[in-house]
Structure formats: structure tokens, C-alpha cells
Amino acid sequence: MATVRLSFSPAPVHVRTARLVGVAVARRAGVREDLLDEVRLAIGEACTRAVALHRQYGVADPVLVEMSDSGAYSVRVVDRAPIEASIGLAALDADQLANEALNEDDLTTGVGFALLAGFVEDLQVRPVDEGIGTEVRMVWPVGR
Amino acid sequence: MELSLATRTVGEHTVLEVGGEVDVYTAPRLRERLLELIDAGARHVVVDLGRVDFLDSTGLGVLVGALKRLRTADGTFALVCDKEPLLKIFRITALDQVFPLYPTVEAATGAGQ
């Protein structure tokens, strides 16, 4: 069961709020202090990705963030964009990043995924169980 | 913390000091400032990330955009960063192989980039 649930309209200005709440709940859940920067970055990236997809597809529905501390600290970030939009996530290598033909949006998407994969050991990106959308699920150990 | 931007000149280099949080909300302001500088003729740009306490993929995308734009214009682009959490972000994304990274502004501006 989620201990804290946050939903926000898909606007960039709210991503910072989601990061702040996510880190506050992580700290309270007992996530180690030295992991909190990574928690902050990962939640931010997942929310940024969701906001970008909602805007790209004109989806006005809110982005949902659920934080739970039962056993470990888990965070679900749920978007409501068409599933096919989420396929093709891949980290880019240095040559691809420096390629003049790669536009900024695609680069940002690739870099965002690299950050998620690099900072979250327990990461899942999968279709939501009901309806349209994708959930990014991240889990961190708690020190208790 | 809000984004802060301040520009100064060191020799032939334009140094943009960035502070605060660079994220999906604030990165457009950073992009705008970098474009203004390049459009105004700056060709050797150094971005000092020394007072940045948060940087996400959107901010990194803006920095890569400036690097590419300056390369096309026969210019140079370098970053100043000595904070381990930020350096880790560059390593994880492989962008440490794309950007010239320096620990100090002096090193960045004196390296003839």
C-alpha cells in the first residue's frame, strides 16, 4: 500500500515538487543518506520522462507518483501516454551523443534513461496493469 | 534553489557561471542564455557548474546542444566541474567523453580550448 501518493498536472514546474517529496519520504523511510542524491535524480528523471510524454501526446491527465516504504523504499511513476511511445529506450554511447544529427529531445531521452539505469539497481519500466500508460518502478533498500 | 546565471569574460573566453537547479523547468533559461551568447559572437564558451546543486538530463541536453552549435561555428565549449556527484552523472551518461571537463575556470580558460 502506498504511504504517499502525489499526482500532478504534466507541467515541468511540478517535477521539482515531486523530487522534494520523493526525497523527504525516502529519508523518512530510512534510505541511506548517501543514496538520497540518486533518489532525487532518479525520481526527477522518471517524472521528467512522464511529463515529456504527456506533452508530446497531448495527454492532460495527471502524472502519478506513489511512494511506499513497506520492506524497501519503492517509487512508481505512472504516465498515461500511448505504450508505443515508451519503446525504444536505450542508452547512447559517446559517438551517438556527439553525433550532429541527434536532436536535443532524443538526446535528453537517451541520457535520462542512462541516468535511471545507472542510478537505480532495481528498475522496471513496464505497461500499466489497467488502461493506457507505462510505469517506472524503482526500489531502494532501507537501512533499518 | 532557483537557477542563477552570470556571465564574465576571461581573455577570449566567455564564462557562464551557473548556480542552483538545472532541470526540465529551468533548463530552457539556460538554453536561451547560451544561444544569446553564441548569437552575440561568443566562440569560446566555458560553463562553470561549480554552484550547481542539481543537474538532470534536460540540462545535459542543453549543454550538448551548445557544444554542437559552437563546434559548427569553429568555436569551443568546455565545462568546469569538480563535484563528485555531478562528475558521476557525466560518467554514467558517457558525456565525460563528449565534454572537455576541467576542475577550475583557470584550467578551462588557460588550456587553449
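Nothing in this text is a laboratory measurement; each read-out follows from the coordinates by a stated rule. Just so we're clear, the structure is a prediction, and the values are computed from it rather than from any experiment. Counting neighbours? That spans all protein chains shown, and the Cβs are built from the backbone with ideal geometry, glycine included.
Placing a label point 7 Å from the Cα of residue A:124 along the Cα-to-Cβ direction, the residues of the range A:27-70 whose backbone N falls under 16 Å from that point are A:66-70. With contacts taken as Cα pairs under 8 Å at a separation of at least 6 residues, chain A carries a relative contact order of 28 percent. Dipole magnitude for chain B: about 280 debye, using +1 per Lys or Arg Cβ and -1 per Asp or Glu Cβ, origin at the Cα centre. In units of the compact-protein estimate 2.2 N^0.38 Å, the protein assembly as shown shows a Cα radius of gyration of 1.02.
So if a site counts as exposed when it's one of the GluC sites (Glu not before Pro), its DSSP state isn't H, G, I, E or B, and it has at most 15 other Cβ atoms within 10 Å, what's the longest stretch of chain B without one? Between the exposed loop sites, the longest stretch runs B:13-113.
Each Cα pair under 8 Å and six or more residues apart adds its separation to the average, and for chain B the resulting relative contact order is 25 percent. Under the simplified labelling scheme, the residue A:61-residue B:106 pair shows an inter-label distance of 5.6 nm, with each label point 7 Å from Cα along Cα→Cβ. Excluding residue A:94 itself, what net charge comes from residues whose Cβ is under 12 Å from its Cβ, given Lys and Arg +1 and Asp and Glu -1? Taking every Cβ under 12 Å from that of residue A:94, the sum is -2. Gain on full extension, evaluated as 0.36 nm per residue between residue A:28 and residue A:7 minus their Cα-Cα distance, stands at 5.6 nm. Long hydrophobic helices in chain A, taken as whole DSSP H segments with a C-alpha length of 24 Å or more on their own axis and mean Kyte-Doolittle hydropathy at least -1.0: A:36-56. Since only A:11, A:57, A:26 are under comparison, the one whose Cα sits farthest along the positive direction of the charge dipole of chain A, derived from C-beta charges on Lys, Arg, Asp and Glu, is A:26. Across q = 0.17 Å⁻¹, chain B modelled as identical point scatterers on its alpha-carbon atoms has Debye log10 I(q)/I(0) values of -0.74, in the order of the q list.
Between the alpha-carbon centres of the range B:42-95 and the range A:1-38 there is a gap of 26 Å. For chain A, the fraction of C-alpha pairs farther apart than 21 angstrom is 41 percent.
As a calculated quantity, the FRET efficiency between residue B:72 and residue B:9 at R0 = 30 Å, using C-beta atoms, amounts to about 0.85. Among the trypsin sites (Lys or Arg not before Pro) in the range B:1-70, those located in a DSSP loop and surrounded by at most 16 other Cβ atoms within 10 Å of their own Cβ are B:43.
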